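First up is the structure itself, then whatever we jot down about it.
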Amino acid sequence: MDFDVNEIGATAFVIARFRALEEELDEPLFHDPYAKLFHDDAVAAVVDQMIASDSLVWPTIRYRTRLFDDFVKAGIAGGTKQVISLGAGLSMRLNHLTGQEVKTLEVDQGEVLAFKHHVLGKAGVDPVPSLACNYLEVDLPAEVEKAGLDLDAPTTIVWEGNTMYLPQDSLLPLIAGLAEAFTSLRLGFDYFINNLAGREFSSADAQALTERIEKLIGATWVAGIPNIWVLEQDMPLRITKLGKLPALREDYDNTAPMPGYDDAADAYGYCLAETRKGG
Ligand SMILES: C[S@@+](CC[C@H](N)C(=O)[O-])C[C@H]1O[C@@H](n2cnc3c(N)ncnc32)[C@H](O)[C@@H]1O
């Protein structure tokens with residue numbers, strides 16, 4: 001069976017391989033019992049090269065996974081009734097972190113979801129409900145409703161590993177649209193703080209490293225959010241946690257030596273936000 005996954009969709013395979021590696025570590029930061037189902041030798045070789053290229057790539061993806069796992073768990077503990085994985089890729093978080101009491105929805109491109117469901121089917125694993133679309137080209141809240149979710153129910157959306165691949169001018173309208181549509185929303189995402197699309201680097205080495213990683217991933221980081229506070233200024237959102245992903249080492253992995261930051265790592269942030277009570 002062939003799947004015509006495009007460049008952005010292919011990034012999902014790389015991230016799944018990083019997650020599968022976690023089980024081999026003495027002190028894993030998270031467990032994803034399904035990540036190994038998506039194993040592919042060629043992708044594993046790419047990930048090995050990424051790890052060899054830059055000492056921050058792997059830790060950063062580990063911290064990112066743990067951050068969003070914690071975000072979902074805290075949401076459910078705090079009363080979230082629906083969890084949506086936007087650009088879910090091969091993430092299996094909704095399968096293993098949510099129970100019967102929570103509605104789930106994975107949104108991704110049709111080809112990525114078809115591949116995922118094919119692999120899960122062979123392994124006898126039921127996929128969670130999904131919505132196949134380019135989420136930039138549909139009325140996403142309306143589609144989410146059609147998929148059986150309630151815009152007035154407390155909802156957590158994880159939007160992991162997506163923003164950097166999207167058109168620059170699509171990011172804020174998408175966030176604003178979700179913030180307006182859901183009565184009670186928690187939204188978590190990672191993003192580039194500096195607009196890497198500007199391709200301004202502090203040194204030729206930094207530029208070369210960024211471009212080497214992009215080449216290995218097979219996609220280019222084109223978008224960023226230089227002024228994250230517009231979420232509070234222009235949208236009914238309150239930022240609850242904000243920071244740089246590599247710095248999460250202090251929370252999760254204090255024993256590991258901290259390599260120096262390169263430009264991309266120094267610009268790589270996360271944002272957790274929720275709807276402001278009272279609008
Ligand atoms: C780097 S992967 C991350 C996947 C997953 N969230 C994770 O962290 O493992 C990006 C995923 O977002 C999906 N994606 C990006 N832009 C999208 C769009 N406009 N519509 C639907 N899916 C999109 C891609 O198909 C891909 O599966």
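Among the candidates Ala204, Ala223, Ala208, single out the residue that is out of contact with any helix residue (DSSP H, G or I) (no Cβ under 8 Å at 6 or more places or on another chain) and closer than 21 Å to Gly269 by Cα.
Of the residues listed, the single one that is out of contact with any helix residue (DSSP H, G or I) (no Cβ under 8 Å at 6 or more places or on another chain) and closer than 21 Å to Gly269 by Cα is Ala208.
Here are some residues: Gly177, Gly161, Gly148. Which one is within 16 Å of the ligand (Cβ to nearest atom) and not in a helix (DSSP H, G or I)?
Testing whether each residue is within 16 Å of the ligand (Cβ to nearest atom) and not in a helix (DSSP H, G or I) leaves just Gly161.
Residue check: is Ile76 surrounded by fewer than 23 Cβ atoms within 10 Å (Cβ to Cβ), touching a strand residue (DSSP E or B) at 6+ places or on another chain (Cβ under 9 Å) and touching a residue at least 60 places away in the same chain (Cβ under 8 Å)?
yes
Among the helices (runs of 4 or more DSSP H) contained in segment 1-100, which hold 2 or more residues that are on the phi < 0 side of the Ramachandran plot, within 15 Å of the ligand (Cβ to nearest atom) and of a type in the set (S, T, N, Q)?
57-77
Collect the residues in segment 14-66 that are touching a strand residue (DSSP E or B) at 6+ places or on another chain (Cβ under 7 Å) and either under 20 Å from Ala123 (Cβ atoms) or at pLDDT 95 or above (or both), keeping them in residue-number order.
Correct list: Arg64 only.
Would you tally the residues in segment 101-135 being within 13 Å of the ligand (Cβ to nearest atom), of a type in the set (A, V, I, L, M) and not in a helix (DSSP H, G or I)?
Counting residues in segment 101-135 that are within 13 Å of the ligand (Cβ to nearest atom), of a type in the set (A, V, I, L, M) and not in a helix (DSSP H, G or I) gives 4.
Scan Leu151, Leu86, Leu131 and give me the residue that is more than 17 Å from the chain's Cα centre (by Cα) and not small (Gly, Ala, Ser).
Exactly one of Leu151, Leu86, Leu131 is more than 17 Å from the chain's Cα centre (by Cα) and not small (Gly, Ala, Ser), namely Leu151.
Suppose the filter is hydroxyl-bearing (Ser, Thr, Tyr), within 14 Å of the ligand (Cβ to nearest atom), surrounded by 14 or more Cβ atoms within 10 Å (Cβ to Cβ) and under 30 Å from Lys81 (Cβ atoms); does Thr155 pass it?
In short, no.
Any residue that is more than 24 Å from Thr11 (Cβ to Cβ) and touching a strand residue (DSSP E or B) at 6+ places or on another chain (Cβ under 7 Å) - is there at least one of those in segment 159-179?
yes
The values are calculated or read from the model by the stated rules, or taken from the named source; none is laboratory data. No experiment lies behind these values; they were computed from the predicted model shown. All Cβ positions, glycine included, derive from the backbone under ideal geometry; neighbour counts span all protein chains shown.
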